[in-house]
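The values are calculated or read from the model by the stated rules, or taken from the named source; none is laboratory data. Only a predicted model underlies this, so the values are computations on that prediction, with no experimental measurement involved. Note: ideal-geometry Cβ built from the backbone for every residue, glycine included; neighbour counts use all protein chains shown. Areas reflect the complete protein model, heavy atoms only, side chains present, ligands, DNA and RNA absent. Shrake-Rupley method; radii C 1.70, N 1.55, O 1.52, S 1.80 Å.
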Amino acid sequence: MNKILTLNNISVAGLERFPRDNYEIASEIQHPEAILLRSYKMHDMDIPESLKAVGRAGTGVNNIPVDKMSMKGIPVFNAPGANANAVKELVLAGMLMSARHIGPAWEFAKSQEGTDEQISKAVEAGKKNFGGFELPGKTLVVVGLGAIGRAVAKVAEDLGMNVIGFDPGLTVEGAWKISSSVKQAASFDAMLPEVDFISFHVPLIDVTRNMLNADRIKLLKKGATILNFARGGIIDDAAMAEALKSGHVYGYVNDFANNTLKDVPNVITLPHLGASTQDAEDNCAIIVSENVKDYLENGNIKLSVNFPEVNMPKCEGCYRVTIANSNEPNMLGQISSTLADAGLNISDMVNKSKGDLAYTIVDVNDQISEQVVEALKAIDGVLAVRVL
Ligand SMILES: NC(=O)c1ccc[n+]([C@@H]2O[C@H](COP(=O)([O-])OP(=O)(O)OC[C@H]3O[C@@H](n4cnc5c(N)ncnc54)[C@H](O)[C@@H]3O)[C@@H](O)[C@H]2O)c1
């Protein structure tokens with residue numbers, strides 16, 4: 001029976017992937033083989049000796065001590081892109097809300113009193129204050145062309161916008177997924193004078209903190225609208241508030257409420273709604289549950305932030321051992337000779353590395369004894385050994 005500890009509420013759609021006759025799942029459980037979580041901060045937690053896998057039902061893993069997990073040979077799984085559609089739809093809603101003054105217009109219509117005839121007259125007279133503009137032909141700059149940025153770029157193109165992308169870390173695989181009509185920005189500063197909309201889809205790291213600061217806001221085309229559904233801290237909110245008050249910036253739509261922006265005109269702040277649809281939570285939970293289950297049962301690794309992607313179909317009648325180790329020379333040789341010394345014949349084997357870590361799956365022709373496991377663990381650089 002595998003035990004799974006949930007540190008946050010995880011969508012039932014994901015938990016259903018673990019058959020109840022083989023898995024026990026609870027928010028309080030001793031000696032768990034796996035932990036599933038969303039935003040729970042694991043940094044100060046004592047890591048159970050029994051732990052073999054961590055699954056984050058979402059994208060970011062800064063609430064998880066990934067380095068500590070790596071040193072113990074524990075893969076951390078996540079679900080990149082599973083919430084991209086949810087965020088994309090909110091970005092689109094944000095652009096439309098800002099362009100058509102939907103919030104104030106709705107308030108205005110709601111606030112009218114009197115007979116139907118009086119209300120109709122009042123709204124016809126007042127609607128000129130909420131005219132707005134349309135999206136086709138406008139230029140949108142997408143900063144960060146990962147799962148969400150790409151989805152935003154696509155929907156904007158479909159609406160007839162000119163899309164410029166900026167992502168110095170774009171992978172070849174990522175570039176293939178972007179329409180060829182999305183223009184590539186020469187530099188971040190170079191495109192600022194061209195933007196009608198600029199939407200941020202980057203992680204919050206040192207280089208992206210205050211990426212849009214007072215100096216860069218000055219470079220923006222007058223009347224631009226800024227969208228931040230990535231993280232608070234990427235835009236200098238105090239500088240943004242000034243630019244909105246002066247009228248240099250037309251609107252600021254964001255998902256991160258704070259006092260600096262509270263009563264500033266033309267700010268639309270949502271309560272961190274980006275990925276909070278049930279569909280997104282289901283998608284994240286399903287992806288991460290399936291991959292954690294495959295790891296626990298077969299040792300395969302898919303969508304792990306610290307370990308390489310490794311998959312090997314289990315051979316009929318074989319016995320499987322998996323080894324997580326630091327990525328250094330002669331590990332495979334030592335693993336093979338340890339198995340050979342125990343009289344085990346290797347039927348199939350796969351080894352992959354990612355950064356400082358490597359992972360090996362070996363299928364052998366006979367049962368793997370506790371002695372062999374201890375001999376494998378004793379190899380310098382081996383972090384974890386599992387027999388499946
Ligand atoms: N509002 C919400 O609820 C919500 C929900 C999900 C994700 N997010 C945020 O959205 C961000 C993007 O998510 P994703 O799934 O697309 O991530 P992702 O990892 O697929 O993409 C991030 C992209 O940013 C690029 N990047 C990194 N540094 C950059 C820089 N300095 N300039 C330009 N590009 C840079 C990377 O190369 C990568 O392509 C996440 O990091 C997270 O902070 C917010």
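Convert each backbone phi in the range 147-160 into a coupling constant with the Karplus relation 6.51 cos²θ - 1.76 cosθ + 1.60 (shift: θ = phi - 60°), then list the ³J(HN,Hα) values in order as whole Hz, x for Gly and Pro.
Result, rounded to whole Hz: 4, 6, x, 5, 5, 5, 4, 5, 5, 5, 5, 4, 8, x.
What Kirkwood hydrodynamic radius, in Å, does the range 149-265 give when the mean of 1/r is taken over all pairs of distinct Cα atoms and then inverted? Kindly include the intermediate steps, with their values, before the conclusion.
Details: mean 1/r = 0.0672 Å⁻¹.
14.9 Å is the Kirkwood radius here.
With a Förster radius of 56 Å, plug the Cβ-Cβ distance of Leu332 and Trp106 into 1/(1 + (r/R0)^6) and report the FRET value to the nearest 0.05.
Computed FRET efficiency for Leu332 and Trp106: 0.30.
For the range 325-388, what does the accessible surface come to per residue with a 1.4 Å probe? Please give it in Å².
On the way: 3330 Å² over 64 residues.
With all protein chains present, the range 325-388 gives 52 Å² per residue.
Could you provide, to the nearest whole Å², the per residue accessible area of the range 208-322 with probe 1.4 Å?
Details: 5090 Å² over 115 residues.
That works out to 44 Å² per residue.
Could I have the simple spin-label model distance between Ser246 and Glu124, label points 7 Å from Cα toward Cβ, reported in nm to one decimal?
About 4.2 nm, to one decimal.
Going from most exposed to least, what order do Tyr319, Tyr295 have by accessible area with a 1.4 Å probe?
Numbers: Tyr319 80, Tyr295 5 Å².
Order by accessible area, largest first: Tyr319, Tyr295.
Lys72 to Asn213: extension gain in nm, 0.36 nm per residue of separation minus the Cα-Cα distance?
Details: separation 141, 0.36 × 141 = 50.76 nm, distance 4.00 nm.
Net length gain for the segment: 46.8 nm.
Mind checking which aspartates and glutamates have their Cα closer than 19 Å to the Cα of Lys128? Skip sequence neighbours fewer than 8 apart in that chain.
Once the sequence-local aspartates and glutamates are set aside, what remains near Lys128 is Glu107, Glu113, Glu117.
Past the 20 Å Cα-Cα mark, which pairs from Lys121/Lys245; Lys68/Lys377; Lys138/Lys222? All intermediate terms of the calculation are to be shown ahead of the outcome.
Numbers: Lys121/Lys245 31 Å; Lys68/Lys377 18 Å; Lys138/Lys222 13 Å.
Distance filter (> 20 Å) returns Lys121/Lys245.
Provide the gained length on full extension for the span Glu28 to Cys318, in nm with one decimal, where the gain is 0.36 nm per separating residue minus the Cα-Cα distance.
Full extension from Glu28 to Cys318 adds 100.9 nm.
With a 1.4 Å probe and every protein chain left in place, work out the accessible area per residue of the range 39-168 in Å², rounded to a whole number. Before the final figure, lay out the partial values.
Values: 6500 Å² over 130 residues.
Heavy-atom accessible area per residue stands at 50 Å².
Taking only DSSP H segments of four or more residues, each worth -39500 (n - 2.57), what value at 222 nm results for the chain once the sum is divided by all its residues, to the nearest 500 deg cm²/dmol?
When only DSSP H runs of four or more count, the value is -9000 deg cm²/dmol.
Remind me, relative contact order of the range 84-237 in percent, using alpha carbon pairs under 8 angstrom and six or more residues apart?
Working: 220 pairs, mean separation 34.5, N = 154.
It rounds to 22 percent for the range 84-237.
Stokes-Einstein diffusion coefficient for the chain at 10 °C in a medium of 1.306 mPa s, Rh from the Kirkwood formula over Cα pairs: what value in µm²/s? Don't skip to the answer; put the middle values down first.
On the way: Rh = 23.9 Å.
The calculation lands on 66 µm²/s.
May I ask you to compute the full-extension gain from Asp380 to Ala342, defined as 0.36 nm times their residue separation minus their alpha-carbon distance, rounded to one decimal in nm?
Numbers: separation 38, 0.36 × 38 = 13.68 nm, distance 1.84 nm.
Full extension of this stretch gives 11.8 nm more.
Give me the distance in nm between label points sitting 7 Å out from Cα along the Cα-to-Cβ direction at Asp206 and Gln367, one decimal.
5.3
Over the range 12-160, with every protein chain in place, what whole percent of the accessible area is carbon and sulfur at 1.4 Å, could you tell me? All intermediate terms of the calculation are to be shown ahead of the outcome.
Working: 4020 of 7760 Å².
Of all accessible area on the range 12-160, carbon and sulfur atoms account for 52 percent.
Rank Cys318, Ser347, Phe307 by how far each Cα sits towards the positive end of the charge dipole of the range 293-388 (+1 on Lys, Arg Cβ; -1 on Asp, Glu Cβ) and give me just the farthest.
Among Cys318, Ser347, Phe307, the one farthest towards the positive end of the dipole of the range 293-388 is Phe307.
Which FRET efficiency value, to the nearest 0.05, is calculated for Asp116 and Glu194 with the Förster distance at 56 angstrom and r the Cβ-Cβ distance?
Details: r = 46 Å, r/R0 = 0.82.
Efficiency computed from Cβ-Cβ geometry: 0.75.
Cysteines of the chain lacking any other cysteine beta carbon under 4.7 Å?
Cys284
Could you tell me which of His101, Ala125, Ser111 has its Cα farthest along the dipole of the range 86-138 towards the positive end, charges placed at Cβ (Lys, Arg +1; Asp, Glu -1), taken about the Cα centre?
The one lying farthest along the dipole's positive direction is His101.
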